[in-house]
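Everything below concerns the one structure shown next.
FYI, it's all coordinate maths here, none of it is from the lab. Keep in mind that what you see is a predicted model, and the values were worked out from it rather than measured. Quick reminder, even Gly has a Cβ in these numbers, built from the backbone with ideal geometry, and neighbours come from all protein chains shown.
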Amino acid sequence: MKSRKFFWQIFAALFGLSACSSLALYFVAASDATLLRALLISLPIQIVLAVLLALRLERSVDILRSLLSSMAEGVIAVDSDMRITQVNEAAGTIFQLDPKAAVGKSVRDVIREPAIIDLIEDVRRHNKTAEQDIELGDERLRHLHLQAGPMDSDSRAVGVVAVFSDVTRMRELEGMRRNFVSNVSHELRTPLTSIQGFAETLLNPAVKDPDEVRKFLQIIQRHATRLGRIIEDILTLSSIERDAESNQIELKVETIRPVLESAVEICAPRAHNKKIKIELECAKTLVAPIDPHLLEQAIINLIDNAIRYSDEGRPIRVEAEPVGNEIHLRVVDQGIGIPEKQLPRIFERFYRVDKARSRELGGTGLGLSIVKHISLAHKGSVEVQSQLGRGSRFTIRLPAQASA
Ligand SMILES: Nc1ncnc2c1ncn2[C@@H]1O[C@H](COP(=O)(O)OP(=O)(O)OP(=O)(O)O)[C@@H](O)[C@H]1O
Ligand SMILES: [Mg+2]
């Protein structure tokens with residue numbers, strides 16, 4: 001690095017020397033012809049040096065350009081008249097503009113966001129860096145973090161460079177986490193308040209009737225079981241998410257039918273209590289890359305819902321078949337169905353169509369969320385079709401072959 005700098009210093013010195021000697025010749029040359037001859041001799045040297053300098057400059061500009069275009073952050077540079085001098089591709093995507101066409105235009109005409117213009121203007125006027133979080137509210141709310149600083153040359157302000165980072169995903173995740181914590185607290189508080197209330201009542205010496213004491217203890221037991229279920233479901237969800245994120249879920253090509261049979265068997269006593277028959281349809285040879293234990297859990301959750309949200313005697317069908325390059329696993333019921341407006345939300349954590357009814361039936365509202373995460377861990381998806389009063393069909397779509 002040092003030797004290259006030295007090399008260019010020599011070139012600059014030669015260039016300067018040649019220019020100075022031409023100037024000196026102008027004053028001392030005996031005749032115009034001598035001057036012309038001397039200039040003609042030094043001209044090629046100056047041209048070669050100028051070309052080399054131009055090439056070097058162009059290479060620096062190329063490096064700068066490819067650096068800007070490979071950045072994930074948006075960059076916009078403006079001159080002292082607020083005209084755009086540089087825009088990279090990322091900024092083009094954020095503001096939906098053509099970077100090449102934007103150069104030379106006033107930044108006020110290109111970015112119609114007063115908060116951004118005010119900040120750049122502020123930096124230009126006070127020659128001081130500034131940063132701010134900005135929300136862009138078009139069809140979808142986006143969060144940008146903007147940092148702007150003065151560009152100066154020889155301590156003279158020549159413009160402003162603004163760097164935009166799209167922090168939407170980060171803000172969404174923070175929001176989801178906040179929501180989750182407040183939902184969990186709310187869900188835990190309900191059974192906990194009941195347990196505290198009934199325990200206090202039992203401590204009252206006036207409560208002596210053994211039947212009454214037994215009734216209160218049963219209520220406490222029911223709420224304690226519910227607390228345990230919520231905590232267990234939260235732990236299941238977070239362990240699936242954690243394992244999926246760290247690629248710890250090992251998918252092996254295995255037969256599907258035993259998984260479905262086992263899930264049906266586990267749910268059979270509950271189905272029997274409601275006089276519900278469960279039909280199973282799946283070829284013995286059907287295979288897919290799966291984690292059998294997780295997949296069984298997902299199918300149990302779906303059958304459990306089908307039983308829970310069906311009237312007595314309504315049959316349930318569990319089936320699996322190949323469709324294109326996917327395997328579709330379905331749980332179909334003839335139960336109460338789900339209103340169309342609520343369909344997009346039922347896979348959200350703690351979402352229940354009828355909170356009171358679900359709670360009465362012992363539901364936590366996490367079952368379908370677990371199904372969704374298990375499907376995602378299999379690189380698949382889950383979807384639902386439902387008609388109010390007629391029944392629902394849940395489909396888990398899995399890739400038929402392991403991805404490379
Ligand atoms: N087969 C179904 N038929 C009708 N409604 C359903 C069906 N499956 C799910 N739902 C609706 O979707 C909501 C969310 O289901 P999810 O399984 O996540 O929670 P849950 O059944 O209430 O509780 P749990 O977490 O204990 O399963 C349910 O509360 C119910 O309103
Ligand atoms: Mg459920």
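Positive-end ranking of 183, 199, 231 along the dipole of the chain, with charges on Cβ about the Cα centre, is headed by 199.
What you get for region 24-89, charging only the Cβ of Lys and Arg (+1) and of Asp and Glu (-1), is a dipole of about 300 debye around the Cα centre.
Ordering 189-200, 297-308 by mean Cβ neighbour count within 10 Å, with the highest value first, yields 297-308, 189-200. Rounded to two decimals, the Cα-based Rg/Rh of region 301-377, with Kirkwood Rh, is 0.98. Taking the square roots of five times each eigenvalue of the Cα gyration tensor of region 249-403, the equivalent ellipsoid has semi-axes of 25, 17, 14 Å, listed largest first.
Relative to one another, the C-alpha centroids of region 325-365 and region 236-285 are positioned 17 Å apart. Residues whose amide H comes within less than 5 Å of that of residue 326, counting only those at least five positions distant or on another chain, are 400 (H built at 1.01 Å from N in the peptide plane). Show log10 I(q)/I(0) for the chain at q = 0.09, 0.11, 0.12 Å⁻¹, two decimals, from a solvent-free Debye sum over equal Cα scatterers. Normalising to I(0) and taking log10 leaves -0.82, -0.98, -1.05. Compared with the alpha-carbon gap, the fully stretched path from residue 181 to residue 89 is longer by 29.3 nm at 0.36 nm per residue.
In the calculated pair-distance distribution of region 142-209, the portion above 20 angstrom amounts to 66 percent of the Cα-Cα pairs.
You can think of it this way: the chain between residue 247 and residue 174 has 24.0 nm of extra reach, that is 0.36 nm per residue less the Cα-Cα gap. Helix 2-28 and the longest principal axis of the C-alpha atoms of the chain enclose an angle of approximately 30°. Of the residues 283, 295, 309, the one whose Cα sits farthest towards the positive end of the charge dipole of region 278-345 is 309 (charges of +1 on Lys and Arg Cβ, -1 on Asp and Glu Cβ, taken about the Cα centre).
Helix 257-273 axis versus longest C-alpha principal axis of the chain: approximately 50°, rounded to the nearest ten. Residues whose amide H comes within less than 5 Å of that of residue 167, counting only those at least five positions distant or on another chain, are 143, 144, 145 (H built at 1.01 Å from N in the peptide plane).
Relative contact order, whole percent, for the chain stands at 9, derived from Cα pairs under 8 Å and 6 or more residues apart. Can you tell me which of 123, 48, 384 moves the most in a GNM of the chain? Springs connect C-alpha atoms under 10 Å apart. Sorting by GNM fluctuation, first place goes to 48. In sequence order, region 276-286 has phi-based couplings of 9, 9, 10, 8, 10, 9, 6, 5, 5, 8, 5 Hz under the Karplus curve 6.51 cos²θ - 1.76 cosθ + 1.60, θ = phi - 60°, and Gly or Pro positions carry x. Compute a Gaussian network model of the chain, connecting alpha carbons closer than 10 Å, and tell me which residue from 52, 40, 67 fluctuates the most. For the chain, modelled as a Gaussian network with Cα springs under 10 Å, the answer is 40. Could you give me D for region 171-248, from Stokes-Einstein at 4 °C and 1.567 mPa s, where the hydrodynamic radius is the Kirkwood radius over C-alpha pairs? Units µm² s⁻¹, please. Stokes-Einstein gives a translational diffusion coefficient of 87 µm²/s. Highest mean first, the peptides 346-352, 246-252, 265-271 sorted by other C-beta atoms within 10 Å per residue fall in the order 346-352, 265-271, 246-252. Here the Karplus relation 6.51 cos²θ - 1.76 cosθ + 1.60, evaluated at θ = phi - 60°, turns the backbone of region 54-62 into coupling constants of 4, 4, 4, 5, 5, 4, 4, 5, 4 Hz, with x for every Gly and Pro. Annotation: amide H-H contacts under 5 Å for residue 254 (H modelled 1.01 Å from N, sequence separation of 5 or more, or interchain): 288, 290. Here the Karplus curve 6.51 cos²θ - 1.76 cosθ + 1.60, taken at θ = phi - 60°, turns the phi angles of region 201-214 into couplings of 4, 5, 6, 6, x, 5, 7, 10, 4, x, 5, 5, 4, 4 Hz, with x standing for Gly and Pro.
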